[in-house]
Amino acid sequence: MTDTNEYRTIPCYELEQFPIIGVYKELLAGKRKALPSGTWEKDENVIIIVRYALEVHLGLKKEQIPKINRGVIKEQKLWGALNRFKSIRKLIQFVYPDRYNEFDFNRVPINYWNNIQNIRNRLEWHLHREGIRIVEIPRKVNYDLLVEWGFSNPLKRHGHSPYRFMNALYPGRFKETDFKKIPQGYATNREFLKEQFMDMLRKEKIQFEDVPKKVTQQMLIKHRFSAVLKHHRNSPLEFIQYLFPNQFSLDDFHTKPNGYWKDIKNVRQAIIDLIEREGVAEQDVPRFMTKQRLMEEGLTGLLHEYHGSPIEIIEAVFPGKYDVTEFQRVPNQHWHSPQNRVQALRTFCAKRGIGREELPRLNRAYFRKHFPRFISMVDRHYDSKFYRWIMESFPEYTFQPEEFNLLVGIDGQLCDSKEELEIHNFLIREVVDGKVEREGCRFVNQEYDEVYIPDWVIEQNGRKWIVEYFGLYGSTRYKWYTEKADRKMQFYHSLADYTLIVIMPDDFREKGFQRIVSLLISNGIQINVHCSLER
């Protein structure tokens, strides 16, 4: 047969007649370690093997096939096919052309959301399925439902506003007031805000003359004015005076005069009075002094003066007495600052008398027991490697790799485990005229706000490869590991300038390096032809 379409139309029960299926069954049974070299380069092999794996071996129904994930790819040993097509969607569309549309897959292709017609088609498909008419969109389609339907990306492009999103799809069809949630950008529309404000007074049964005494920040937030308040320094007084200038005097409000909270004596007196009135113990002040508590006490103006941060207020009243780790929450993006991360560890160690000799013992197990809140920060900003945080925080010390149980490759680069060390030394020895750099660059996955540091980047003959060893893939040791590994693989596959080579635990733990050699060669890396395949 020469027409690949014939392989797509053969009944699935006849696929076993092809010799390549016999070889593939041996691979699944563990009787062989890899398929013959070049297997996945032939279109007919891809079609036959993938169809057999999904339709016969797994027995998937038609609608289940586009929902497969990388776990299925791993289980069915189809990594070679995925490496060729770079994404599950492209692989499935090659094997089953014209059978599935973009809605059938878990994820859409790159640049899909740039086409307004794609978005409109997808929305109307959901509307038809749910029996919702276009005219009913403002009443029945809200932000949460759009996210559930998979429109997070286009919503973000329209300021997370359902109105702006729908207006882009159906220009002039709806008014902003048709929607339950006020869209972004209307915080400066005074007439629109007045209408909403008066509607709030009717619902709360508040007379207009009682506005200064009865309209609180909590009430405004309840009636969806939180975004508007941000334009007025979170001050109900400023917002009300903006809506109704010259109708109320400052004396009408339960508020403080301008500049009152700039005087530290007033700040100190207010905080100490609150602590004493509530009988808060000295050591409990950081946990007690929350943003919500200060707002309930009518200290919104004080919060504004200190950037909405209880931590800054307490530091001003009790300088140096408490550190950031003692508070219930840190400010948004606090850990994005290397200076804050360094200061947090130095303060933590100083208060506990942890010296230079004890620092290398501050690992995941230690913080899980003594201060778990640091773990997610290290996972995000140091790729789960505590020794990097320690070295960055204490540059005055010279640490040796063995103090952190790190291992040094034959070229002086550091490795985190014996398995990584063996793979690293193998790459250094056998890659021909290429550069092998370990953990030498960083990538940011904006979709998940994650930083990825590849195990190795190989450069050879003008091409670049990312090589990742997922030593704990499928392990229950760290419940988040496999999920993050899947996100990494998906992200790396999307990088146009790199080819991803994935080494799984089973690949490495087989006898010798045959599988790794096969992965390198099949992806175009030149290695020494007589390299030793024995570890």
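The values are calculated or read from the model by the stated rules, or taken from the named source; none is laboratory data. Model, not experiment: these values are computed from the prediction. Neighbour counts run over all protein chains shown; Cβ positions are idealised from the backbone, glycine included. The accessibility values were calculated without ligands, DNA or RNA, using every heavy atom of the protein model including side chains. Shrake-Rupley method; radii C 1.70, N 1.55, O 1.52, S 1.80 Å.
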Inset, instruction - Count, please, the residues in segment 514-531 that happen to be at pLDDT 75 or above, open to solvent by 10 Å² or more (accessible area, probe 1.4 Å) and not in a helix (DSSP H, G or I). - result: 5
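Restricting attention to segment 62-89, which residues are among the charged types (D, E, K, R), free of Cβ contacts under 8 Å to residues at least 24 places away in the same chain and more than 19 Å from Leu495 (Cβ to Cβ)? It would help to see each step written out before you state the result.
The first filter runs over segment 62-89 and keeps only residues among the charged types (D, E, K, R), leaving 62-63, 67, 70, 74-75, 77, 84, 86, 89.
Right, trim to free of Cβ contacts under 8 Å to residues at least 24 places away in the same chain and you get 75, 89.
Glu75, the sole residue that qualifies.
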Inset, instruction - Given the conditions (1) within 31 Å of the chain's Cα centre (by Cα); (2) outside any helix (DSSP H, G or I), report the number of the one that Phe103 does not fulfil. - result: (2)
Legend entry - Output for segment 157-179, where each listed residue is modelled with pLDDT of 80 or more and assigned to a helix (DSSP H, G or I): Arg157, Pro162, Tyr163, Arg164, Phe165, Met166, Asn167, Ala168, Leu169
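Pick from segment 437-456 the residues that are part of a strand (DSSP E or B) and in contact (Cβ under 8 Å) with a residue 24 or more places away in the chain: which of them is nearest to Pro505 (Cα to Cα)?
Step one: of segment 437-456, the residues part of a strand (DSSP E or B) are 437-438, 443-445, 450-452, 456.
Now drop any that are not in contact (Cβ under 8 Å) with a residue 24 or more places away in the chain, which leaves 437-438, 443, 445, 450-452, 456.
Values: Glu437: 21, Arg438: 19, Phe443: 24, Asn445: 24, Glu450: 23, Val451: 23, Tyr452: 20, Trp456: 16 Å.
Among them, the one singled out is Trp456.
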Legend entry - All positions within segment 291-319 that are part of a loop (DSSP other than H, G, I, E, B) and surrounded by 14 or more Cβ atoms within 10 Å (Cβ to Cβ): Glu297, Gly298, Leu299, Tyr306, Gly308, Ser309, Phe318
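Among the residues that make up segment 277-290, is at least one of them part of a loop (DSSP other than H, G, I, E, B), touching a helix residue (DSSP H, G or I) at 6+ places or on another chain (Cβ under 7 Å), under 26 Å from Lys213 (Cα atoms) and polar (S, T, N, Q)? Working first, answer last.
Taking segment 277-290 as the starting set, the residues that turn out to be part of a loop (DSSP other than H, G, I, E, B) are 279-281, 289-290.
Then keep just the ones that are touching a helix residue (DSSP H, G or I) at 6+ places or on another chain (Cβ under 7 Å); that gives 280, 289-290.
Remaining after also requiring under 26 Å from Lys213 (Cα atoms): 289-290.
Now restrict to residues that are polar (S, T, N, Q): 290.
Yes, some residue in segment 277-290 is part of a loop (DSSP other than H, G, I, E, B), touching a helix residue (DSSP H, G or I) at 6+ places or on another chain (Cβ under 7 Å), under 26 Å from Lys213 (Cα atoms) and polar (S, T, N, Q).
Listed here are the residues, each with its yes/no results for (1) surrounded by 17 or more Cβ atoms within 10 Å (Cβ to Cβ); (2) at negative phi; (3) out of contact with any Lys or Arg (no Cβ under 7 Å at 6 or more places or on another chain).
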{"site": "Gln333", "(1), (2), (3)": "no, no, yes"}
{"site": "Gln343", "(1), (2), (3)": "no, yes, yes"}
{"site": "Arg356", "(1), (2), (3)": "no, yes, yes"}
{"site": "Ile375", "(1), (2), (3)": "no, yes, no"}
{"site": "Tyr382", "(1), (2), (3)": "yes, yes, no"}
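Just checking, which of Glu420, Glu447, Glu437 is surrounded by 17 or more Cβ atoms within 10 Å (Cβ to Cβ) and more than 24 Å from Glu357 (Cβ to Cβ)?
Details: Glu447 fails: surrounded by 17 or more Cβ atoms within 10 Å (Cβ to Cβ); Glu437 fails: surrounded by 17 or more Cβ atoms within 10 Å (Cβ to Cβ).
Unique residue meeting the criteria: Glu420.
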Inset, instruction - May I ask you to list the residues in segment 118-170 that are within 23 Å of the chain's Cα centre (by Cα), loosely packed, with under 13 Cβ neighbours inside 10 Å and small (Gly, Ala, Ser)? - result: Gly159
Inset, instruction - Can you give me the number of residues within segment 372-387 that are in contact with a helix residue (DSSP H, G or I) (Cβ under 7 Å, 6 or more places away or on another chain) and either more than 19 Å from Trp480 (Cβ to Cβ) or not in a helix (DSSP H, G or I) (or both)? - result: 3
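Here's the yes/no breakdown for (1) touching a strand residue (DSSP E or B) at 6+ places or on another chain (Cβ under 9 Å); (2) outside any helix (DSSP H, G or I); (3) at pLDDT 85 or above:
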residue: Lys321; (1), (2), (3): no, yes, no
residue: Arg329; (1), (2), (3): no, yes, no
residue: Cys349; (1), (2), (3): no, no, yes
residue: Arg356; (1), (2), (3): no, yes, yes
residue: Tyr366; (1), (2), (3): no, no, yes
residue: Trp389; (1), (2), (3): no, no, yes
residue: Tyr397; (1), (2), (3): no, yes, yes
residue: Glu403; (1), (2), (3): no, no, yes
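For Tyr481, are the conditions met, namely being out of contact with any Lys or Arg (no Cβ under 9 Å at 6 or more places or on another chain) and farther than 18 Å from Tyr448 by Cβ?
Details: out of contact with any Lys or Arg (no Cβ under 9 Å at 6 or more places or on another chain): yes; farther than 18 Å from Tyr448 by Cβ: no.
Taking the combined requirement at face value, the residue does not satisfy it.
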Inset, instruction - Give Phe225, Phe244 a once-over and let me know the one that is under 26 Å from Gln333 (Cα atoms) and of a type in the set (Phe, Trp, Tyr). - result: Phe225
Inset, instruction - For segment 427-436, indicate whether the set of residues that are in contact with a Phe, Trp or Tyr (Cβ under 7 Å, 6 or more places away or on another chain) and without any contact (Cβ under 8 Å) to a residue 60 or more places away in the chain is non-empty. - result: yes
Inset, instruction - Determine which single condition Ile458 fails, assuming it passes every other condition in (1) aliphatic (A, V, I, L, M); (2) open to solvent by 40 Å² or more (accessible area, probe 1.4 Å); (3) at pLDDT 90 or above. - result: (2)
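Picking from Asp506, Asp433, Asp455, Asp449, which residue would you name as being within 28 Å of Ala29 (Cα to Cα) and not hydrophobic (A, V, I, L, M, F, W, C)? Working first, answer last.
Working: Asp433 fails: within 28 Å of Ala29 (Cα to Cα); Asp455 fails: within 28 Å of Ala29 (Cα to Cα); Asp449 fails: within 28 Å of Ala29 (Cα to Cα).
Among Asp506, Asp433, Asp455, Asp449, only Asp506 is within 28 Å of Ala29 (Cα to Cα) and not hydrophobic (A, V, I, L, M, F, W, C).
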Legend entry - Residues of segment 42-75 that turn out to be open to solvent by less than 60 Å² (accessible area, probe 1.4 Å) and assigned to a helix (DSSP H, G or I), as a count: 19
Legend entry - Verdict on Ser249 being more than 21 Å from Met200 (Cβ to Cβ), of a type in the set (S, T, N, Q) and crowded, with 17+ Cβ neighbours inside 10 Å: no
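May I ask you to verify whether Ile206 is without any contact (Cβ under 8 Å) to a residue 24 or more places away in the chain, closer than 29 Å to Arg190 by Cβ and in a helix (DSSP H, G or I)?
Details: without any contact (Cβ under 8 Å) to a residue 24 or more places away in the chain: yes; closer than 29 Å to Arg190 by Cβ: yes; in a helix (DSSP H, G or I): no.
It is false that Ile206 is without any contact (Cβ under 8 Å) to a residue 24 or more places away in the chain, closer than 29 Å to Arg190 by Cβ and in a helix (DSSP H, G or I).
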Legend entry - Ile92 being open to solvent by less than 20 Å² (accessible area, probe 1.4 Å), at pLDDT below 90 and within 25 Å of Phe151 (Cβ to Cβ): no
Legend entry - Failed item in (1) of a type in the set (D, E, K, R); (2) outside any helix (DSSP H, G or I); (3) out of contact with any helix residue (DSSP H, G or I) (no Cβ under 8 Å at 6 or more places or on another chain), with Lys90 passing the rest: (2)
Legend entry - segment 473-503 - residue that is at pLDDT 90 or above and assigned to a loop (DSSP other than H, G, I, E, B) and, of those, surrounded by the most Cβ atoms within 10 Å (Cβ to Cβ): Tyr498
Legend entry - Residue ID - farthest from Arg346 (Cα to Cα), chosen from residues in segment 410-424 that are assigned to a loop (DSSP other than H, G, I, E, B) and modelled with pLDDT under 90: Asp411
